[in-house]
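Step one of this worksheet: look at the structure below.
The values are calculated or read from the model by the stated rules, or taken from the named source; none is laboratory data. As the structure is a computational prediction, the values presented were derived from the model and not from experiment. Ideal geometry is used to build each Cβ from the backbone, glycine not excepted, and the neighbour counts take in all protein chains shown. When the accessible area is computed, the model is the full protein with side chains, heavy atoms only, and any ligands, DNA or RNA have been set aside. Shrake-Rupley method; radii C 1.70, N 1.55, O 1.52, S 1.80 Å.
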Amino acid sequence: MGYKNLSACVADLEQNGHLIRIKEEVNPYLEMSAIHQRVYEKEGPAILFENIKGNRFPAVSNLFGTLDRSRFMFRDTLDAVKQLVELKNNPMAALKNPLKYASSALSAFSALPLKSGNISSFTKMKLSDLPMIINWPMDGGAFVTMPQVYTEDPDLPGIMNANLGMYRIQLNGNDYLPEKEIGLHYQLHRGIGVHQTKSNKKGEDLKVSIFVGGPPSHPLAAVMPLPEGLSEMTFAGALGSRRFRYFYDPEGFCISTDADFIITGTVSPGENKPEGPFGDHLGYYSLKHDFPLLKIKNIYHRKNAIWSFTVVGRPPQEDTSFGALIHDITGAAIPKEIPGLHEVNAVDAAGVHPLLFAIGSERYTPYLETKRPQELLTLANHILGKSQLSLAKYLFICAKEDNPNLHTSDVRAFMVHILERIDLTRDLHFYTKTTIDTLDYSGTDINSGSKVAIAVVGKPIRKLAETIPDNIFFPDVIYQAKMGIPGVLILKTNPYTNPNDLNNLINHLESFIKTEIAETIPLIILCDDADFTAATINNFVWVTFTRSNPSHDIHGIQSFVENKHWGCLGSLIIDARIKPHHAPVLVKDEKTENFVDSLSIKGKSLYGII
């Protein structure tokens, strides 16, 4: 649908029953976030907040809250854009089937950015006039959570070589000078980092334009993992069936003509300030760290502007639905880039980056009856060297030939498949003192930790226990024992204090849990709450893989090192207790939740919605 702006999208959604209005006055501190989360949990509609305390602008959230609504917004263009992405990955397809791809030519025309508009259609404003939305109680200030951050390549200026990314923006708090400075947070492997590196080398300021609002194709383009050489602006035009319109203001900053709000500013070489804390998508706070400082030049808004935002927290959240839409558009783009790879899934319930599942081929020695991981290990190295996938900590990979019906999206079935086949003396391969996700605090420092690739192939070598065997005897330091999925024993023990206490605990467990237990229970999880961890598959993967650093927290019954290869004769143990250096868990505010409940009674805006 070729929406000209965000207002047109909101009107279309409301007319077709995809949007509700919150008429009551709501506080941007926690209340808007809490309403959004409760509506999202119910797979509810988009939300237009009409009456924000202390602010004159309305705000919209949950636009992408369901895959069906996203498909509705892009109902006229989605199929053609899928074809464009397919052609980018396989240009010969158009020659083989020209009729199928005929509509792609029209989409390609819409993809061309159009220089159009001028600054007279915008009004200048102050930073404090923006909606100052705070999502979580310990957040360090108000953040822009649905921005489109635009930068140009200092060596190749112009829109066709520009980057449009979604990086969070801190509007106030910490040491930022009010009305003059804001924080710019981006993670590793982001396009803006390349541009800033080039500007730093030249000793020049990097010009940055931050767009909020505009047609929904614009924020989606900012988060798309696009094929190399396909710009976000061209993708936005094709998906929105409306060319990305832009112009330059008198100070040389790029302005998105269709955006609702624009912040322009510069990042100077070597100028950073503390940014955060911020409740992030792993389900914890990302803490305060130095990140680039953006010095504000101008802030603009269009007439009848609507602020767009989302809420980030423990999955699933709206960014989960973003991911579903991205997969719907790109399909198996990454597997097509890696020969032999059939599927890869960054497991959303585990916070995306901590845990990857993959299915590949094992074809290196088909003449041998006994199988061992070979091609799978080549694929694992390729995956862990691929853009954002390289930030993962745990990679589990198996062979498609062993179960052609297995899919990485079925988390429980995939883990069971792995545990039935894993050879704990052979199949664990560690990468130590390496790079992990900026938001993951399980490692040794920011961006620093370890990885493990676990590759399995062949027929099952064990039958997994579904109940706790009678021959397991637990020491006094074990307070709860629960079975999770088959083959996984979850134990509550004392809170983590230091590595020495952990070593004593492992030695204690070895005297009680015998080597042969691994025949039915290959994996043991140490945690702070066994009931919670075992309650759902989502809880299990979230606790296990967000609270452990492979090199430090993987242990085993009768472990050994042979020629620098680590393994164990008995069960594998993952220590998933909260450590002193971990970031705080996101916890909702009870008073705010009670306020949201009050909006669900008859006559209030959320009646029948939550």
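Brief remarks follow.
- Segment 324-409: Lys pairs at Cα distance under 22 angstrom, eight or more positions apart or on different chains: 4
- Of all lysines in the structure, those lying under 16 Å Cα to Cα from K115, and not within fewer than 8 positions of it along the same chain, are K4.
- Average accessible area per residue (Å²) across the chain - probe 1.4 Å, nucleic acids and ligands excluded: 41
- Pairwise centroid distance, computed over Cα atoms, of segment 366-407 with segment 497-543, Å: 26
- Relative to the dominant Cα principal axis of the chain, helix 499-512 is inclined by about 40°.
- Degrees, to the nearest 10: 31-41 long Cα axis against longest axis of the chain: 60
- Charge dipole of the chain about the Cα centre (unit charges at C-beta), most positive-ward option of C398, N118, I578: N118
- Taking only the Cα atoms of segment 174-327, the radius of gyration and Dmax are 16.3, 42 Å.
- Extending 7 Å from the Cα toward the beta-carbon at both S600 and S128 defines two label points whose distance is 3.7 nm.
- Calculated FRET efficiency for the pair K588/Q388, C-beta based, R₀ 25 Å, to 0.05: 0.30
- With eigenvalues of the C-alpha gyration tensor scaled by 5 and rooted, segment 521-602, Å: 38, 14, 8
- Normalised alpha carbon radius of gyration of segment 299-398 [divisor 2.2 N^0.38 Å]: 1.46
- Label point at V194 placed 7 Å out along Cα→Cβ; residues across segment 217-250 whose backbone nitrogen lies under 20 Å: 220-237
- For segment 417-532, the antiparallel share of DSSP beta bridges with both residues in that region comes to about 70%.
- Rounded to whole numbers, the Karplus 3J(HN,Hα) couplings from phi for segment 200-208 are 4, 4, 7, x, 10, 6, 8, 7, 10 Hz, using 6.51 cos²θ - 1.76 cosθ + 1.60 with θ = phi - 60°, and x at Gly and Pro.
- For the chain, the mean residue ellipticity at 222 nm estimated from helices alone is -7500 deg cm²/dmol, where every DSSP H run of n ≥ 4 contributes -39500 (n - 2.57) and the total is divided by all residues, rounded to the nearest 500.
- Cα centroid separation, segment 304-318 to segment 590-610: 19 Å.
- Counting only DSSP beta bridges with both residues in the chain, the antiparallel share comes to about 70 percent.
- Whole-number D in µm²/s for segment 360-401 (Stokes-Einstein; Kirkwood sum over Cα pairs; 10 °C, 1.306 mPa s): 142
- Approximating the spin labels as points 7 Å out from Cα along Cα→Cβ, the D205-to-E251 distance works out to 0.7 nm.
- Ordered by 1.4 Å accessible area with all protein chains kept, D79, D470 run largest first as D470, D79.
- R0 of 25 Å, Cβ-Cβ distance N471-N507: FRET efficiency to nearest 0.05: 0.80
- Once the Cα atoms are used to define both axes, helix 78-89 deviates from the longest principal axis of the chain by about 60 degrees.
- Dimensions of segment 355-452 along the principal axes, based on C-alpha atoms and rounded to the nearest Å, stand at 45, 26, 26, largest first.
- If R0 is taken as 22 Å, the Cβ-Cβ distance between Y479 and K514 corresponds to a FRET efficiency of 0.55.
- Among the trypsin sites (Lys or Arg not before Pro) within segment 518-610, those in coil by DSSP and having at most 16 neighbouring Cβ atoms inside 10 Å are K564, K588, K602, K604.
- Nitroxide proxy distance, nm - points 7 Å out along Cα→Cβ at M160 and K42: 5.0
- Solution diffusion estimate, µm²/s, Stokes-Einstein, segment 457-577, Kirkwood Rh from C-alpha pairs, 25 °C, viscosity 0.890 mPa s: 168
- Each residue of segment 446-463 was assigned a 3J(HN,Hα) from its phi angle through the Karplus curve 6.51 cos²θ - 1.76 cosθ + 1.60 (θ = phi - 60°); the sequence is 4, 6, 10, x, 8, 9, 9, 9, 10, 10, 10, 8, x, 7, x, 10, 7, 9 Hz, with glycine and proline shown as x.
- Legend: translational diffusion of the chain by Stokes-Einstein, Rh = Kirkwood radius over C-alpha pairs, 4 °C, 1.567 mPa s; D = 50 µm²/s.
- For T434, the amide hydrogen comes within under 5 Å of the amide hydrogens of G449, S450, counting only partners 5 or more places away or on other chains and with H modelled in the peptide plane.
- In Å², nearest 10: area of T123 left accessible to a 1.4 Å probe: 70
- Checking the cross-link pairs K126/K604; K295/K579; K463/K579; K180/K579; K180/K201 against a 27 Å limit on the alpha carbon distance flags K126/K604; K295/K579; K463/K579; K180/K579 as lying beyond it.
- For R21, net neighbour charge (Lys/Arg +1, Asp/Glu -1) across residues whose Cβ lies under 15 Å away: -3
- Nearest-20 debye value, segment 353-397 charge dipole, Cβ charges on Lys, Arg, Asp, Glu: 120
- At most 10 other Cβ within 10 Å, DSSP loop - chymotrypsin sites (Phe, Trp or Tyr not before Pro), segment 323-401: Y367
- Under 5 Å, built H, 5+ apart or other chain: amide partners of I169: V144
- Among the trypsin sites (Lys or Arg not before Pro) found in segment 274-383, those both in a DSSP coil and sparsely packed, with 13 or fewer other Cβ atoms within 10 Å of their Cβ, are K303, R363.
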